[in-house]
Amino acid sequence: MDLVRWQAAQSSLESATKILATLPESSVYTRTAVKQIRVRWLMHSGQIPAALVLLQNAIDELTAISGDKTLEVLQLQALMVQLLRTSEPANLARAQQLANAIRDTLDALAIHPAWAVYLAVAASP
Amino acid sequence: MAFLALTSAAGVSIYQAEIAATSARRAELEASSSGRVSDFALAMFRELSATSRTGATPKTPPQILQNAINDARAQLAKDPAALAKVLNALGELQIELDSPSAAESAVFEALALNRQTHGEQNLETAKAMVSYAIIRQKLGDTQQAELMLNQALAIFAPLTVGQRPWVMAQSLLANICRITGRSVAALQHLDAARAIAKTAYGADHPNAISLETNRGILLKALDRLPDAHAAFELAISAYQRTQGASFPRLVWPMMNLGSVQERQGQYTQALSTMRAAVTLGKRVLDANNLVSFSVNYANSLRSVGALSEAADVIDSIAIPDIHERPDLLSNYYLARAMLAHDQRQLQKAEVEFNLATAWAEKIAG
């Protein structure tokens, strides 16, 4: 994604955040979708520690509602893999471990979502 | 004393005669009103028969409806109460058979005539407010719709004959609260409707069971997945028990149950439930009603990676059928955007996302 697209993404994120602020009863699924975009923005702008905290919070919140064997949670975990790989070398092993666990779960569920491609890229050396 | 008794008796007689005359007049108006509506139904059947219709090609239901409305306006011009009743009834049909914007003129006129004839605090006026609110809501004007429904509720509340329309108005308000993000208020409106529906309709009436489906939808929006699951199962079993396995309204709780199963990670059951819902929907629903189910099913197929199946389902949706439904259009373009994204067609996805946003903004106003 080039700079212009990131600016558009940031603008969309700000709009979505403003709308969400007016909808305090919105579902965890809606809030998670916006958090996911914010995590990607933080990741893009190099704010990795803040992105890690926000993403872990989103994973915990969604897991509490749906359990941990759902596509939404697994997709967030896949984003965590990407984030860990871009953070510091010490986190690479954890990223690999998490990527393997996600792939095992998807295999067990016999589901191959489109985003699993990114998981493979993230897990590759 | 005798004179008093006589005049009193005469007074009572005159009063009774007036009541009888009013009743007769009312009956005449009722017959006139229902006659107009049945004329429309007869015209529909005549148009279906090549030997009965007067033109070379059959008129469409929207054309027949518009003719019936024009005819009523011409012939009942001196009887505003009867005209209001006819316009409201035909306008309600027009919402379904034509479009909400086509129906707006007749229903708004009915509301104005009712206000003029009966005043504001009247059952007929309140019913016309509900019809007009339905149109405003379908056209994306939720604010005006909510205002109308609250006014109607206040009129229905003290009337024993207003129980069913009261339930309907509460249910419509619940829906408006839902689509404007106020799920807690929506659940309150819906629970109020459910409590009265049991006496107004009876627990096994399809309208009472529909409220269980709506309750499930709100519980899902509030992330109460096990409760939502139970509500949809309850609605499905109640419909199947009372109406049979092909009852059209079954599609709603079935599709929503599939959606909850999906959120609970039960993907095989979810797709199976949704497929069954769409299959039933294709048999018993019109194209417009099928749209949201097809969009949901396509989204679920996409999320598990069945992209070509999802694309087939999306491509089967006819846009002209949903041209006046911002809610459906928003979900439709969102589904297209997500699919294009998963197919790595990012430019196409951006265009579709923008369309989805534009239609979503029309819903929120």
### Query
From the residues in region B:313-342 that are more than 28 Å from B:ASP141 (Cβ to Cβ) and free of Cβ contacts under 8 Å to residues at least 12 places away in the same chain, which one is farthest from the other protein chains (Cβ to nearest Cβ)?
B:ASP315
### Summary
Exception for B:ALA68 within (1) in contact with a Leu (Cβ under 8 Å, 6 or more places away or on another chain); (2) modelled with pLDDT of 90 or more falls at (2)
### Query
Which residue out of B:LEU290, B:LEU250 is in a helix (DSSP H, G or I) and buried (at least 23 other Cβ atoms within 10 Å of the Cβ)?
B:LEU250
### Message
Considering only region B:127-144, I want to know if a residue exists there that is outside any helix (DSSP H, G or I), over 22 Å from B:ILE176 (Cα atoms) and out of contact with any strand residue (DSSP E or B) (no Cβ under 6 Å at 6 or more places or on another chain).
### Response
no
### Task
Test B:ALA337 against the stated conditions and say whether it is farther than 22 Å from A:LEU106 by Cβ, surrounded by 20 or more Cβ atoms within 10 Å (Cβ to Cβ) and aliphatic (A, V, I, L, M).
yes
### Message
Consider region A:24-57. How many of its residues are closer than 24 Å to B:GLN264 by Cα and within 14 Å of chain B (Cβ to nearest Cβ)?
### Response
13
### Query
Does any residue of region B:184-201 turn out to be touching a Lys or Arg at 6+ places or on another chain (Cβ under 6 Å), over 28 Å from B:LYS282 (Cβ atoms), at pLDDT 95 or above and assigned to a helix (DSSP H, G or I)?
yes
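Looking at this structure, is B:ALA221 away from chain A (no Cβ under 14 Å) and open to solvent by less than 50 Å² (accessible area, probe 1.4 Å)?
no
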### Task
State whether one or more residues within region A:34-54 are closer than 19 Å to B:GLN266 by Cα and either surrounded by fewer than 16 Cβ atoms within 10 Å (Cβ to Cβ) or within 16 Å of the chain's Cα centre (by Cα) (or both).
no
### Task
Evaluate region B:294-302: report whether one residue or more is free of Cβ contacts under 8 Å to residues at least 12 places away in the same chain and either of a type in the set (D, E, K, R) or touching a Ser or Thr at 6+ places or on another chain (Cβ under 8 Å) (or both).
no
### Task
Could you tell me which of the residues B:THR213, B:THR199 is under 15 Å from the mean Cα position of the chain (by Cα), at negative phi and free of Cβ contacts under 8 Å to residues at least 60 places away in the same chain?
B:THR213
## Note on the structure
Only one of B:ALA238, B:ALA276 is open to solvent by less than 50 Å² (accessible area, probe 1.4 Å), at pLDDT 95 or above, touching an Asp or Glu at 6+ places or on another chain (Cβ under 8 Å) and farther than 21 Å from A:ALA114 by Cα, namely B:ALA238
#### Entry: Only listed residue being open to solvent by 20 Å² or more (accessible area, probe 1.4 Å), in contact with a Pro (Cβ under 7 Å, 6 or more places away or on another chain) and closer than 30 Å to A:LYS18 by Cβ, chosen from B:GLU361, B:GLU324, B:GLU350
B:GLU324
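Quick grid of which residues meet (1) within 9 Å of the chain's Cα centre (by Cα); (2) within 30 Å of B:GLN269 (Cα to Cα); (3) open to solvent by 50 Å² or more (accessible area, probe 1.4 Å); (4) of a type in the set (D, E, K, R):
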residue	(1), (2), (3), (4)
A:ASN57	no, yes, yes, no
A:GLN77	yes, yes, no, no
A:LEU83	yes, no, no, no
A:THR86	no, no, yes, no
### Message
Among the listed residues B:SER300, B:SER308, identify the single one that is within 14 Å of chain A (Cβ to nearest Cβ), open to solvent by 60 Å² or more (accessible area, probe 1.4 Å) and among the small types (Gly, Ala, Ser).
### Response
B:SER308
#### Entry: Flag for B:GLU120 being part of a loop (DSSP other than H, G, I, E, B), closer than 25 Å to B:LEU173 by Cβ and within 24 Å of the chain's Cα centre (by Cα)
yes
### Task
Examine region A:105-124 for a residue that is within 16 Å of the chain's Cα centre (by Cα), open to solvent by less than 10 Å² (accessible area, probe 1.4 Å), of a type in the set (A, V, I, L, M, F, W, C) and within 14 Å of chain B (Cβ to nearest Cβ), and state whether such a residue exists.
yes
### Message
I need the full set of residues from region B:93-117 which are of a type in the set (D, E, K, R) and either modelled with pLDDT of 90 or more or not in a helix (DSSP H, G or I) (or both), in order please.
### Response
B:ASP98, B:GLU104, B:GLU109, B:ARG115
### Query
Can A:LEU92 be described as more than 14 Å from chain B (Cβ to nearest Cβ), open to solvent by less than 80 Å² (accessible area, probe 1.4 Å) and touching a helix residue (DSSP H, G or I) at 6+ places or on another chain (Cβ under 6 Å)?
no
### Task
Pick out the one residue from B:GLN264, B:GLN345 that is more than 24 Å from the chain's Cα centre (by Cα), surrounded by fewer than 20 Cβ atoms within 10 Å (Cβ to Cβ), more than 11 Å from chain A (Cβ to nearest Cβ) and without any contact (Cβ under 8 Å) to a residue 60 or more places away in the chain.
B:GLN345
### Task
Spot the failing condition for A:LEU71; the list is (1) open to solvent by less than 40 Å² (accessible area, probe 1.4 Å); (2) more than 12 Å from every other protein chain (Cβ to nearest Cβ), and only one is missed.
(2)
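The values are calculated or read from the model by the stated rules, or taken from the named source; none is laboratory data. Keep in mind it's a predicted model, so treat the numbers as computed, not measured. Methodologically, a virtual Cβ is constructed for each residue, glycine included, from the backbone with ideal geometry; neighbour enumeration extends over all protein chains shown. When the accessible area is computed, the model is the full protein with side chains, heavy atoms only, and any ligands, DNA or RNA have been set aside. Shrake-Rupley method; radii C 1.70, N 1.55, O 1.52, S 1.80 Å.
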